[in-house]
Structure formats: structure tokens, C-alpha cells
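The values are calculated or read from the model by the stated rules, or taken from the named source; none is laboratory data. For clarity, every value in this text was computed on a predicted model and none was experimentally measured. All Cβ positions, glycine included, derive from the backbone under ideal geometry; neighbour counts span all protein chains shown. Keep in mind that these areas ignore ligands, DNA and RNA; they rest on the heavy atoms of the full protein, side chains included. Shrake-Rupley method; radii C 1.70, N 1.55, O 1.52, S 1.80 Å.
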Amino acid sequence: MRVRFEGDVFRWEARSDSDWYFVALPPELSGEIRETQTYRRGFGGVRVEATIGGITFRTSIFPQAGGVYVLPLKRAVRDAESIDPGSVVRVDLFVLDA
């Protein structure tokens, strides 16, 4: 499955010494992925390859409350593409776990 979507970057404060940054997939896309995936990894993760700007990387998306998946954004990706909390990013996503 290959898809493209846009989403707002948000920060989740896991602990006082570290922050995590994510972009949420649209609810309808999250539902489609949930319906088609038979294999999930730890924490319900689904392996994906994502491209934002000129950076392509592999990671997993994870389900959150409300049924949407979130895509984690590593510092290297955020720095390379000048992504800050509140930024809107366009993501090309390829679901690897089928």
C-alpha cells in the first residue's frame, strides 16, 4: 500500500528529559491500514517506509487512542527538513507489513 497525506507535527513529552515528535495519519487512512494488516509488531506497530521532502526512512507507525496511527519523526529527519512542532508535512508512505 502506497499513500500520500499531509499532517501536523506534534510533540509528546515522554519524560522530562526527552521529547518525541509525531505526525498523525488521517483517520480514514488509519482505518484502512488497520483493516488490511494481519501482522503487527510490538505495541501494535506496522513497519513502513516514509519520505518527507528529500529524506526516506524506515520506521513503524503506532496506534493511538482514537484509532489513528502516528508516524514518529527522528531528530535527523526533523533537522534535515527543518521540521518544528506545528509544521505541516507531506508524507509519502509505503506500508511494508502486508
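Restricting to segment 45-98, and then to whatever is hydrophobic (A, V, I, L, M, F, W, C) and more than 19 Å from residue 30 (Cβ to Cβ), can you tell me which residue is surrounded by the fewest Cβ atoms within 10 Å (Cβ to Cβ)?
First pass over segment 45-98, keeping only residues hydrophobic (A, V, I, L, M, F, W, C): 46, 48, 50, 52, 55, 57, 61-62, 65, 68, 70-71, 73, 76-77, 80, 83, 88-89, 91, 93-96, 98.
Add one more test, that the residue is more than 19 Å from residue 30 (Cβ to Cβ), and what stays is 55, 57, 76-77, 80, 83.
Numbers: 55: 16, 57: 16, 76: 10, 77: 21, 80: 14, 83: 20.
The extreme case among them is 76.
Yes or no: segment 23-44 includes at least one residue that is in a strand (DSSP E or B), open to solvent by 50 Å² or more (accessible area, probe 1.4 Å), of a type in the set (Asp, Glu) and closer than 14 Å to residue 3 by Cα.
Step one: filter segment 23-44 for residues in a strand (DSSP E or B), giving 23-24.
Checking the rest, the ones that are also open to solvent by 50 Å² or more (accessible area, probe 1.4 Å) come to none.
Looking for residues that are in a strand (DSSP E or B), open to solvent by 50 Å² or more (accessible area, probe 1.4 Å), of a type in the set (Asp, Glu) and closer than 14 Å to residue 3 by Cα, one finds none in segment 23-44, hence no.
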